[in-house]
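The structure appears below as structure tokens.
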Amino acid sequence: MPITTCVFDAYGTLFDVAAAARQAASEPAYAAMKDCWPQLASHWRLKQLQYSWLRAITGAHTSFWEVTQNGLDWALDAVNLAGDPVLRQRLLDLYWELQAYPEVPDMLKALKAAGKQTAILSNGSPDMLDGAVQSAGLGAVLDDVLSVESVGIFKPDRRVYDLVGQRFSCAPDEVLFVSSNGWDAAAAAGYGFRTAWVNRAGEPVDRLPWIPDTILSDLTGVPALAEV
């Protein structure tokens with residue numbers, strides 16, 4: 001089947017999750033972050049993911065915004081900045097306006113020009129995703145933004161991937177699913193999507209029952225994949 005629909009994870013895939021910490025570290029008011037912001041950004045992202053998995057496994061679902069705040073609190077503690085409420089609030093405010101990776105706008109425009117349907121499928125809550133999409137100016141090149149909040153469980157639960165077929169009336173093998181999370185791309189491959197893992201950091205492949213169909217270093221090659 002030809003690919004009709006290209007679906008993207010949001011955080012770390014379209015949007016740079018390190019941008020909030022990097023921006024705060026560049027501001028004179030938060031000089032304490034100058035040297036530790038990469039560690040803080042890494043801790044924040046890892047805990048955000050870990051807490052989403054644990055909540056999915058235990059049936060303790062909450063909004064991704066709460067998970068994001070919980071992850072940040074752990075990360076601030078880990079780099080000895082937990083006692084700075086002003087910094088905490090600045091980082092949270094910046095998370096609502098994350099920068100898109102440089103290649104994202106042209107990549108999405110190319111997909112739309114080729115007649116593909118485009119969407120986000122994310123753990124993010126609808127208000128968070130709307131803020132990121134509007135801040136990055138991507139609304140005109142996305143057909144929809146799908147959030148796990150409509151099913152009440154985080155990825156990689158199959159009910160999340162079901163949302164794509166329900167919205168676009170397409171079969172799984174008509175979908176190219178793109179994620180920066182190896183586990184997400186692998187689980188989506190197990191679901192039946194054609195998948196691409198955007199492995200910007202050059203990490204090893206996760207040891208799971210499935211593997212992504214394609215590994216990319218950034219998103220520039222996605223339009224060519226969609227034409228296969």
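What is the stretch 34-81's relative contact order, in percent, from Cα pairs under 8 angstrom and six or more apart in sequence? About 55 percent, as a whole number.
Annotation: amide H-H contacts under 5 Å for Phe8 (H modelled 1.01 Å from N, sequence separation of 5 or more, or interchain): Ala119, Ile120, Leu121, Val178. Measuring nothing but how far apart in sequence close Cα pairs (under 8 Å, 6+ apart) lie, relative to its length, the stretch 1-118 scores a relative contact order of 39 percent. Using DSSP, restrict attention to beta bridges with both residues in the chain and report what percent are antiparallel, rounded to the nearest 5. Roughly 5 percent of the beta bridges in the chain run antiparallel, per DSSP. Cβ-Cβ distance of Leu92 and Met1, R₀ of 45 Å, FRET efficiency by 1/(1 + (r/R0)^6): the value works out to about 0.60.
Net charge dipole, the chain: roughly 220 debye, given to the nearest 20, about the Cα centre with Cβ charges of +1 for Lys and Arg and -1 for Asp and Glu. On a per residue basis, the stretch 82-220 carries 44 Å² of accessible surface, using protein heavy atoms and a 1.4 Å probe. Would you mind checking the tilt of helix 182-191 against the longest principal axis of the Cα atoms of the chain, expressed as 0 to 90 degrees and rounded to 10? Computed tilt is about 30 degrees. Below 30 Å, Cα to Cα, which lysines can Lys109 reach? Residues fewer than 8 away in the same chain don't count. Cα-Cα hits under 30 Å: Lys155. To put it simply, the accessible area of the stretch 129-173 at a 1.4 Å probe is 44 percent carbon and sulfur. Tell me which aspartates and glutamates have Cα within less than 17 Å of Lys47's Cα, excluding those fewer than 8 residues away on the same chain? Partners found: Asp16, Glu66, Asp73, Asp77, Asp184.
Under 13 Å from a label point set 7 Å out along the Cα-to-Cβ vector of Ala29, the amide N atoms of the stretch 92-130 belong to 92-94.
3J(HN,Hα) couplings calculated from phi for the stretch 122-137 with the Karplus curve 6.51 cos²θ - 1.76 cosθ + 1.60 (θ = phi - 60°) are, in sequence order, 9, 5, x, 6, x, 5, 4, 5, 4, x, 5, 4, 5, 4, 8, x Hz; Gly and Pro show x. Which residues in the stretch 25-58 have a backbone N closer than 12 Å to a point placed 7 Å from the Cα of Asn80 along the Cα-to-Cβ line? Residues 36 fall inside that zone. Taking Cα centre as origin and charging only the Cβ of basic (Lys, Arg, +1) and acidic (Asp, Glu, -1) residues, the dipole magnitude of the stretch 1-116 rounds to 280 debye.
Over the stretch 76-182, the alpha carbon radius of gyration divided by the compact-protein estimate 2.2 N^0.38 Å works out to 1.26.
Restricting the GluC sites (Glu not before Pro) of the stretch 61-134 to loop positions (DSSP other than H, G, I, E, B) with no more than 15 neighbouring Cβ atoms within 10 Å leaves Glu97, Glu103.
As a ratio to 2.2 N^0.38 Å, the alpha-carbon radius of gyration for the chain is 1.00.
The values are calculated or read from the model by the stated rules, or taken from the named source; none is laboratory data. Fair warning: this is a prediction, and the values are worked out from it, not measured in the lab. Please note: Cβ atoms are built from the backbone with ideal geometry, for glycine as well, and neighbour counts cover all protein chains shown. SASA here: full protein model, heavy atoms, side chains in, ligands and nucleic acids out. Shrake-Rupley method; radii C 1.70, N 1.55, O 1.52, S 1.80 Å.
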